[in-house]
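One structure is given here, and the rest of the page talks about it.
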Amino acid sequence: MINDRLVDAGDLPIAVRDFGGSAPPLVLLHGAGANLAHMTTLARALRPRHRVITMDLRGHGRSGDGPWSWDAALADVAAVVVQLELARPAVVGHSLGGMIAALWGERHPETPGVVSLDGNPPPTRTEHLPGMDLKKAAAELAELRAIFDRMGAEMGQTVPAEQLPELVERQKAAAHAMGANEKVWIEGFRRNLVQANGETSIRPSAETASSLRTLMEDLDLGPVYRATRCPELVVLPTRDLPEQEGFAELYEAHRRFVREQAEDSGVRYVQLAGASHAMVIEQPDLLAGLISDFLAAA
């Protein structure tokens with residue numbers, strides 16, 4: 001039986017969804033701007049072989065707001081593990097959640113395994129783009145940075161009540177275009193809506209989004225991979241999202257950098273054929289089998 005609850009993480013509550021079962025526990029973490037609902041399809045696919053726990057990261061979904069740091073995020077995961085009495089859970093994360101999973105593995109060698117689903121910091125320097133012309137790389141990085149700046153400025157804005165139905169319809173269209181479960185997708189959208197003082201806004205807030213961007217841009221996973229002693233798997237995409245296609249050469253170069261970083265660190269990685277960064281939506285059943293088989297072998 002699926003059970004939703006709040007866990008006391010000390011300075012704030014963390015919303016948790018427990019999919020139940022007695023199989024080995026697995027904590028499943030979402031990416032930035034998402035929430036636990038977006039992981040539902042993958043969680044269901046994993047449930048036959050695991051007791052799956054999903055959670056809203058701080059500043060997302062129904063969890064509380066608080067200053068963001070890697071230590072704070074890891075402490076939130078630890079609070080969930082302790083209060084749900086999970087014995088040595090595996091930790092699997094997508095995007096931002098994958099970075100947290102990698103950091104968890106570094107600090108918890110007793111973990112049976114961690115899996116990162118394209119949990120890689122974004123490219124910010126030309127050395128992140130091997131094989132690309134340096135002048136072109138610098139120009140495209142600057143252009144990409146400007147796009148992210150504009151996106152960041154729009155985070156956390158108030159949504160007029162009369163616009164909400166239109167936004168829901170647009171989310172339905174997006175779910176259809178990506179082949180996502182519409183009910184799950186809309187739950188994810190609504191879960192990030194916050195109502196206060198008669199106004200509605202979308203989480204995460206601009207402050208949280210800015211903190212996350214800085215943390216991810218400053219993170220170097222190479223030393224983390226080299227220091228990790230528990231089994232680790234990194235799942236990488238092989239194609240671009242539609243919005244990335246204008247930077248196709250840049251993202252291909254960055255995927256090359258990520259592969260080289262994993263190889264140099266001795267981390268096992270898999271390139272998922274036909275998958276983009278949205279792999280948890282595109283191929284949940286395949287991912288579930290890959291994750292479960294890896295953890296069973298580990």
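State yes or no: is A248 over 30 Å from A296 (Cβ atoms) and surrounded by fewer than 17 Cβ atoms within 10 Å (Cβ to Cβ)? Here the answer is yes, as A248 does meet what is asked.
Can you name the residue in the range 172-182 that is under 20 Å from the mean Cα position of the chain (by Cα) and over 22 Å from D240 (Cβ atoms) and, of all such residues, is surrounded by the most Cβ atoms within 10 Å (Cβ to Cβ)? Result: N181. Look at the range 165-184: where a residue is more than 22 Å from A45 (Cβ to Cβ) and a partner is open to solvent by 70 Å² or more (accessible area, probe 1.4 Å) and assigned to a helix (DSSP H, G or I), sitting 6+ places away or on another chain with Cβ atoms under 6 Å, you get K172/E182. Scan the range 269-280 and tell me whether some residue there is more than 20 Å from T41 (Cβ to Cβ) and open to solvent by 20 Å² or more (accessible area, probe 1.4 Å). Among the residues of the range 269-280, at least one is more than 20 Å from T41 (Cβ to Cβ) and open to solvent by 20 Å² or more (accessible area, probe 1.4 Å), which makes the answer yes. If you go through the range 46-86 and keep only what is open to solvent by 30 Å² or more (accessible area, probe 1.4 Å), farther than 26 Å from D11 by Cβ and either hydrophobic (A, V, I, L, M, F, W, C) or not in a helix (DSSP H, G or I) (or both), you end up with just R51.
Run down M151, M155 and say which single residue is under 19 Å from N35 (Cα atoms), open to solvent by 50 Å² or more (accessible area, probe 1.4 Å), assigned to a loop (DSSP other than H, G, I, E, B) and not small (G, A, S). Before you say what the answer is, go through the steps one by one.
Details: M151 fails: assigned to a loop (DSSP other than H, G, I, E, B).
Selected residue: M155, the only one of M151, M155 that is under 19 Å from N35 (Cα atoms), open to solvent by 50 Å² or more (accessible area, probe 1.4 Å), assigned to a loop (DSSP other than H, G, I, E, B) and not small (G, A, S).
For the range 190-211, the condition of being part of a helix (DSSP H, G or I), open to solvent by less than 60 Å² (accessible area, probe 1.4 Å) and within 24 Å of A275 (Cβ to Cβ) holds for none of the residues. Only residues that are over 27 Å from E260 (Cα atoms) and touching a residue at least 60 places away in the same chain (Cβ under 8 Å) were counted across the range 127-154, and they come to 1.
I need the full set of residues from the range 158-171 which are open to solvent by 90 Å² or more (accessible area, probe 1.4 Å) and more than 18 Å from P242 (Cα to Cα), in order please. Walk me through how you get there before you give the answer.
Within the range 158-171, the first condition is being open to solvent by 90 Å² or more (accessible area, probe 1.4 Å), and the residues that meet it are 162, 166, 169-170.
Passing the criteria: E162, E166, E169.
So for the range 218-232 (the condition being surrounded by fewer than 17 Cβ atoms within 10 Å (Cβ to Cβ), under 28 Å from H60 (Cα atoms) and charged (D, E, K, R)), does at least one residue qualify? Taking every residue of the range 218-232 in turn, at least one turns out to be surrounded by fewer than 17 Cβ atoms within 10 Å (Cβ to Cβ), under 28 Å from H60 (Cα atoms) and charged (D, E, K, R).
Is it true that L295 is outside any strand (DSSP E or B), in contact with a helix residue (DSSP H, G or I) (Cβ under 9 Å, 6 or more places away or on another chain), open to solvent by less than 30 Å² (accessible area, probe 1.4 Å) and more than 17 Å from M151 (Cβ to Cβ)? Break it down into steps so the answer makes sense when it comes.
On the way: outside any strand (DSSP E or B): yes; in contact with a helix residue (DSSP H, G or I) (Cβ under 9 Å, 6 or more places away or on another chain): yes; open to solvent by less than 30 Å² (accessible area, probe 1.4 Å): yes; more than 17 Å from M151 (Cβ to Cβ): yes.
Yes: the conditions hold for L295.
Identify, please: which residue in the range 9-48 is of a type in the set (D, E, K, R) and at pLDDT 95 or above and is, among those, nearest to L193 (Cα to Cα)?
Initial filter on the range 9-48 (of a type in the set (D, E, K, R)): 11, 17-18, 44, 47.
After this cut, where a residue has to be at pLDDT 95 or above as well, the list is 17-18, 44, 47.
Details: R17: 18, D18: 22, R44: 24, R47: 28 Å.
Of everything passing the filter in the range 9-48, R17 is nearest to L193 (Cα to Cα).
Take the conditions (1) under 12 Å from the mean Cα position of the chain (by Cα); (2) at positive phi; L29 misses just one of them, which is (2).
The values are calculated or read from the model by the stated rules, or taken from the named source; none is laboratory data. Because the structure is predicted, anything quoted here is derived from the model rather than measured. Here the Cβ is made from the backbone with ideal geometry for all residues, glycine too, and neighbour counts use every protein chain on show. The area values use the complete protein model at the heavy-atom level, side chains included, leaving out ligands, DNA and RNA. Shrake-Rupley method; radii C 1.70, N 1.55, O 1.52, S 1.80 Å.
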